[in-house]
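Colleague: Got a structure here, written out as structure tokens. Questions coming.
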Amino acid sequence: MSKFATGVAIISTLAPDGAPHGMTANALTSVSLEPPLLLVCIAHNRNTYGYVRVQQRFGVNFLSQGQAAIARYFAREPKERLGDVAVPWQVSGAASPRLDGALAFMDCRVVAMHDHGDHAIVVAEVDDVSVGGGVPLLYYERQLFAMDNGVPSPGL
């Protein structure tokens, strides 16, 4: 799978104490346009799995190339998230936490969860979408890439 280039997203939800929680993901895809459905895979051993199961909703924050530090931060286990990474969350009402500066954000409601192997396949309906601007952050062969004049450049 490392030979499949993807974008990078942060799956966001709320922890039991109401604080924003995130997980870096690249295993997500569109399922349907009508209704708008997407699929994300979450490992059973991630806190995100339990939070999404309880909350029954999550956000998808598509990262821009300037957010590589955020991608690396949320790829770690929560106890290993050390450092001075600024995570500018917006949290309002029942909506999922949203990252400032993301290329796009989707607020999603879970419609099905299927446990297979060590992951859950989560199917969700998109309740709200907002689109920003910028250049996407890419992931390929376990490295993050930015686009430099249309050419992927590693080393973020």
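Colleague: I'm checking my understanding of the structure. Among residues of region 9-59 that are under 13 Å from the mean Cα position of the chain (by Cα) and of a type in the set (Ser, Thr, Tyr), which one is surrounded by the fewest Cβ atoms within 10 Å (Cβ to Cβ)?
Modeller: 29
Colleague: Sticking with this structure for a sec: Can you name the strands (runs of 3 or more DSSP E) wholly within region 68-145 that have at least 3 residues being free of Cβ contacts under 8 Å to residues at least 40 places away in the same chain?
Modeller: 104-116, 119-131
Colleague: Residue 88: in contact with a Phe, Trp or Tyr (Cβ under 7 Å, 6 or more places away or on another chain), modelled with pLDDT under 95 and not polar (S, T, N, Q), yes or no?
Modeller: In short, no.
Colleague: Related question: I'd like to verify a number: residues in region 116-147 that are surrounded by 12 or more Cβ atoms within 10 Å (Cβ to Cβ) and either modelled with pLDDT of 85 or more or aliphatic (A, V, I, L, M) (or both), how many?
Modeller: 20
Colleague: So if I check each of 127, 107, which one is in contact with a Cys (Cβ under 7 Å, 6 or more places away or on another chain) and of a type in the set (Asp, Glu)?
Modeller: The unique qualifying residue is 127.
Colleague: Return only the number of the condition from (1) surrounded by fewer than 21 Cβ atoms within 10 Å (Cβ to Cβ); (2) at pLDDT below 95; (3) among the hydrophobic types (A, V, I, L, M, F, W, C) that residue 70 does not satisfy.
Modeller: Residue 70 satisfies all of (1) surrounded by fewer than 21 Cβ atoms within 10 Å (Cβ to Cβ); (2) at pLDDT below 95; (3) among the hydrophobic types (A, V, I, L, M, F, W, C) except (1).
The values are calculated or read from the model by the stated rules, or taken from the named source; none is laboratory data. The shown structure was predicted, so the numbers you read here are calculated from the model rather than taken from an experiment. Methodologically, a virtual Cβ is constructed for each residue, glycine included, from the backbone with ideal geometry; neighbour enumeration extends over all protein chains shown.
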